[in-house]
């Protein structure tokens with residue numbers, strides 16, 4: 001399938017932990033060639049031990065990853081990424097603290113060669129509720145959260161259980177919420193199931209103890225749009241789903257779910273009939289999902 | 001030896017001696033203003049009577065423009081209003097889409113290579129009713145050549161079919177709020193906002209590098225300054241990379257360069273200490289005709305683009321609130337460091353909520369780092385209310401208001417963006433004056449044309465393009481307006497000790513006028529004819545520019 005390089009936008013206000021998350025993902029890239037675009041004022045915020053070299057605004061990162069900063073010209077930065085050889089497997093865009101992530105995602109997919117792969121918004125467990133009530137920032141924080149496919153609750157260990165529960169309760173109206181201590185969320189959850197050098201294949205089951213994967217193969221033709229919508233039902237416990245499926249007419253289509261958002265696009269090639277879903281261990285309703293497909 | 005110029009009348013802006021008949025000049029500076037007899041007391045002189053029938057004012061100071069206005073004149077002008085180019089030619093306004101297309105065809109005929117893109121600027125379809133300009137419209141001026149037309153606001157680019165093809169946008173499935181689609185599912189050719197515009201801008205000749213630092217543009221800008229009586233102009237927001245600074249230093253130092261440019265450093269990928277260090281390094285490179293070292297920050301967007309941050313009750317047409325362009329923490333830190341290191345900051349705000357945030361941040365930073373003469377300045381600040389002006393006064397801040405907006409977009413502000421009540425108090429010069437806030441008024445050229453006398457006319461009359469008077473109570477008188485476009489603007493740039501009035505010791509910078517701005521009447525101030533300028537005692541006739 002050649003939908004283009006998948007793009008995940010990482011949003012959230014200053015101090016929410018976007019940089020920590022990016023460093024974590026680069027460290028754990030495990031064979032995926034990640035490209036990262038950052039747009040916060042200041043120097044490139046990448047851990048020094050990950051940096052292998054620098055040319056101009058671009059940092060070479062261990063494992064074939066790269067990181068660049070973009071000023072006011074996201075489009076030029078995207079074109080530069082698209083022209084890289086070898087092409088990255090996945091692009092992460094770290095949105096500025098006051099940016100609306102959906103606007104960044106919309107801009108990213110204007111450039112040929114990229115495909116939207118969801119929006120992850122970070123919320124600082126200590127400060128997000130205060131910020132959401134701030135007279136200047138409240139509506140910006142809320143609009144950022146509304147754009148989210150998934151919300152990562154960062155620094156959850158810094159607040160007590162009842163406060164964490166209250167904050168989660170506020171955030172869950174926008175999207176599924178995951179605890180992410182020091183950015184510790186599996187790559188497959190954040191970036192979708194996929195593996196290393198070949199975006200065409202799916203990874204095996206995720207190895208993180210808190211998450212599980214449900215894999216369905218040799219699936220018959222379905223109404224893909226309808227299935228995509230059905231998979232966004234919170235009761236199924238799906239955080240991420242990705243598949244190449246046949247329509248009943250036989251056409252191959254790519255299905256993606258990030259939290260409560262789904263997207264279906266045409267697949268140009270690739271073996272269809274597979275779907276992989278990721279959720280929190282113990283909450284992923286494998287049988288219910290299976291019954292939707294069969 | 002002193003040169004003494006005789007004039008019909010000299011309006012000095014020096015309250016101790018508001019008028020004079022002669023001004024003596026030596027080494028680029030003013031020796032004195034007064035009568036011939038008084039000035040002869042300075043010793044040997046040469047009497048120069050070339051201005052004997054002219055009126056002299058201090059060289060006008062434009063406190064917020066962009067040297068890019070000069071750059072734009074290399075492109076075809078398709079604005080709705082008549083506008084003078086650097087050579088003095090007045091381009092008549094294009095009053096319909098057909099006239100815009102005709103102008104584009106004319107410009108295309110001058111391009112030999114069919115592959116050369118055609119670029120035009122200052123389109124304002126707000127005056128063409130509901131109808132939007134489409135790629136099919138622009139295709140009538142050329143289907144094979146990429147065509148791009150920038151709107152007057154600078155926030156929208158219209159392109160033709162060829163340009164969409166080159167940008168990779170002539171396809172179905174484009175999904176972006178800034179790219180409207182036609183009935184055929186393809187983009188209509190309107191590209192709104194920075195990202196959609198950036199997709200096509202290089203293909204239609206709006207090359208980023210050219211716009212950032214353009215030698216020809218800087219020269220054209222100098223010519224425009226002469227034609228408008230301007231001897232000092234702020235270039236408000238330049239990324240100021242080293243090569244641009246070197247070019248600007250070289251051009252401005254030429255004996256024939258007629259203006260003093262104050263170029264402000266815009267924050268981009270620089271924050272905190274790095275920004276302040278850069279500003280200080282730039283300041284050290286300043287020359288008489290290129291002043292560097294002031295920082296520009298942008299807090300929110302524009303009112304007509306609905307990206308300005310408004311307080312309750314928000315936009316009149318119900319649009320959602322605008323966007324922050326910089327996080328409050330970053331603003332606060334920038335003010336703190338700038339105050340600590342003596343770097344002046346000018347901040348763009350349009351909406352009143354953005355103004356409130358900046359007031360809060362500056363107040364907090366001042367508590368930590370008092371600087372009695374910081375002159376931190378609001379730029380635009382169009383929606384501030386009286387209480388905010390009182391806070392500005394208390395904090396020692398200045399403001400540079402944007403009266404030209406009333407004329408060009410006042411009707412839209414009244415009907416659509418902020419509604420009647422706030423439209424009447426936009427850019428409230430009388431309130432600024434009453435509150436005692438030092439203020440300037442500006443054109444934001446190329447958004448509206450450079451021309452402080454026109455800007456003064458706007459502040460005096462508060463007339464819109466349709467003839468409506470917006471805010472009778474906020475009008476100022478002619479004398480105040482003239483002071484504002486000289487000393488007022490100079491004060492915001494910390495140049496009031498050097499320029500802005502005709503008195504001994506100051507730079508020999510004059511606006512040379514054919515008509516007397518105090519005689520012509522407030523209704524006709526914009527019609528005052530400019531003969532040219534004297535800058536640093538060098539004489540620049542407009543017809544020789």
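The values are calculated or read from the model by the stated rules, or taken from the named source; none is laboratory data. Predicted model, so just to flag it, every value in this text is computed and none were measured. Ideal geometry is used to build each Cβ from the backbone, glycine not excepted, and the neighbour counts take in all protein chains shown.
Tabulated results
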read-out: Qualifying residue in the stretch A:155-177 (condition: surrounded by 21 or more Cβ atoms within 10 Å (Cβ to Cβ), under 22 Å from residue A:25 (Cβ atoms) and within 14 Å of chain B (Cβ to nearest Cβ)); value: no
read-out: Residue match in the stretch B:177-186 (condition: touching a strand residue (DSSP E or B) at 6+ places or on another chain (Cβ under 8 Å), surrounded by fewer than 18 Cβ atoms within 10 Å (Cβ to Cβ), farther than 18 Å from residue B:78 by Cβ and modelled with pLDDT of 95 or more); value: yes
read-out: Residue satisfying all of: in the stretch A:119-149; facing chain B (nearest Cβ under 9 Å) and free of Cβ contacts under 8 Å to residues at least 12 places away in the same chain; surrounded by the fewest Cβ atoms within 10 Å (Cβ to Cβ) among these; value: A:135
read-out: Boolean, residue A:150 is closer than 29 Å to residue B:173 by Cα and touching a strand residue (DSSP E or B) at 6+ places or on another chain (Cβ under 6 Å); value: yes
read-out: Count of the stretch A:79-98 residues which are within 11 Å of chain B (Cβ to nearest Cβ) and either under 14 Å from residue A:36 (Cβ atoms) or surrounded by fewer than 24 Cβ atoms within 10 Å (Cβ to Cβ) (or both); value: 4
read-out: Every residue from the stretch B:226-251 that is away from every other protein chain (no Cβ under 14 Å) and within 19 Å of the chain's Cα centre (by Cα); value: B:226, B:227, B:228, B:229, B:230, B:231, B:232, B:233, B:234, B:235, B:236, B:248
read-out: Residue in the stretch A:53-61 that is under 30 Å from residue A:125 (Cα atoms), touching a helix residue (DSSP H, G or I) at 6+ places or on another chain (Cβ under 6 Å) and not in a loop (DSSP other than H, G, I, E, B) present; value: yes
read-out: Residue B:272, sole failed condition from (1) surrounded by fewer than 17 Cβ atoms within 10 Å (Cβ to Cβ); (2) closer than 25 Å to residue B:67 by Cα; (3) within 14 Å of chain A (Cβ to nearest Cβ); (4) in contact (Cβ under 8 Å) with a residue 60 or more places away in the chain; value: (2)
read-out: The stretch B:175-195, residues that are within 25 Å of the chain's Cα centre (by Cα) and at the interface with chain A (Cβ under 10 Å from one of its Cβ atoms); value: B:191, B:193, B:194, B:195
read-out: Test: residue in the stretch A:35-48 that is buried (at least 23 other Cβ atoms within 10 Å of the Cβ) and touching a residue at least 60 places away in the same chain (Cβ under 8 Å); value: no
read-out: In the stretch B:425-452, the residues that are touching a strand residue (DSSP E or B) at 6+ places or on another chain (Cβ under 9 Å) and over 14 Å from residue B:65 (Cα atoms); value: B:426, B:427, B:428, B:429, B:432, B:433, B:437, B:438, B:439
read-out: The stretch B:498-516, residues that are under 22 Å from the mean Cα position of the chain (by Cα) and more than 16 Å from residue B:51 (Cα to Cα); value: B:498, B:499, B:500, B:501
read-out: Filtered residues of the stretch A:107-118 (kept if within 14 Å of another protein chain (Cβ to nearest Cβ) and farther than 24 Å from residue B:354 by Cβ); value: A:108, A:109, A:110, A:111, A:112, A:113, A:114, A:115, A:116
read-out: Search result, residues across the stretch B:227-264 that are closer than 23 Å to residue B:380 by Cβ, in a strand (DSSP E or B) and at pLDDT 95 or above; value: B:230, B:232, B:233, B:234, B:235, B:260, B:261, B:262, B:263, B:264
read-out: Residues (part of a helix (DSSP H, G or I) and more than 14 Å from chain A (Cβ to nearest Cβ)) located in the stretch B:336-361; value: B:336, B:338, B:339, B:340, B:341
read-out: Residue B:297 being in contact with a strand residue (DSSP E or B) (Cβ under 6 Å, 6 or more places away or on another chain) and within 14 Å of chain A (Cβ to nearest Cβ); value: yes
read-out: Conditions (1) surrounded by 16 or more Cβ atoms within 10 Å (Cβ to Cβ); (2) within 28 Å of the chain's Cα centre (by Cα); (3) within 15 Å of residue B:537 (Cβ to Cβ): number failed by residue B:28; value: (1)
read-out: Number of the condition not met by residue B:86 [criteria: (1) out of contact with any strand residue (DSSP E or B) (no Cβ under 9 Å at 6 or more places or on another chain); (2) free of Cβ contacts under 8 Å to residues at least 12 places away in the same chain]; value: (2)
read-out: Answer residue from the stretch A:42-52, given it is at negative phi and out of contact with any helix residue (DSSP H, G or I) (no Cβ under 6 Å at 6 or more places or on another chain) and is nearest to the other protein chains (Cβ to nearest Cβ) among those; value: A:43
read-out: Of residues in the stretch B:497-520 being over 28 Å from residue B:85 (Cβ atoms) and free of Cβ contacts under 8 Å to residues at least 12 places away in the same chain, the one surrounded by the most Cβ atoms within 10 Å (Cβ to Cβ); value: B:498
read-out: Of residues in the stretch B:363-387 being touching a strand residue (DSSP E or B) at 6+ places or on another chain (Cβ under 9 Å) and surrounded by fewer than 24 Cβ atoms within 10 Å (Cβ to Cβ), the one farthest from residue B:311 (Cα to Cα); value: B:374
read-out: Residue selected from the stretch B:147-174 under the condition closer than 25 Å to residue B:126 by Cβ and part of a loop (DSSP other than H, G, I, E, B), by the criterion farthest from the other protein chains (Cβ to nearest Cβ); value: B:152
read-out: Top-ranked residue of the stretch B:197-222 - restricted to ones that are in contact with a helix residue (DSSP H, G or I) (Cβ under 7 Å, 6 or more places away or on another chain) and in a loop (DSSP other than H, G, I, E, B), ranked as modelled with the highest pLDDT; value: B:214
read-out: Total residues in the stretch B:275-297, condition surrounded by 21 or more Cβ atoms within 10 Å (Cβ to Cβ), outside any loop (DSSP other than H, G, I, E, B) and on the phi < 0 side of the Ramachandran plot; value: 11
read-out: From the options B:529, B:538, B:462, B:524, residue that is over 30 Å from residue B:121 (Cβ atoms) and either at pLDDT 95 or above or in contact with a helix residue (DSSP H, G or I) (Cβ under 6 Å, 6 or more places away or on another chain) (or both); value: B:538
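Rundown of residues vs (1) in contact with a helix residue (DSSP H, G or I) (Cβ under 7 Å, 6 or more places away or on another chain); (2) more than 12 Å from chain A (Cβ to nearest Cβ), yes/no style:
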position	(1), (2)
B:318	no, yes
B:322	no, no
B:330	no, no
B:382	yes, yes
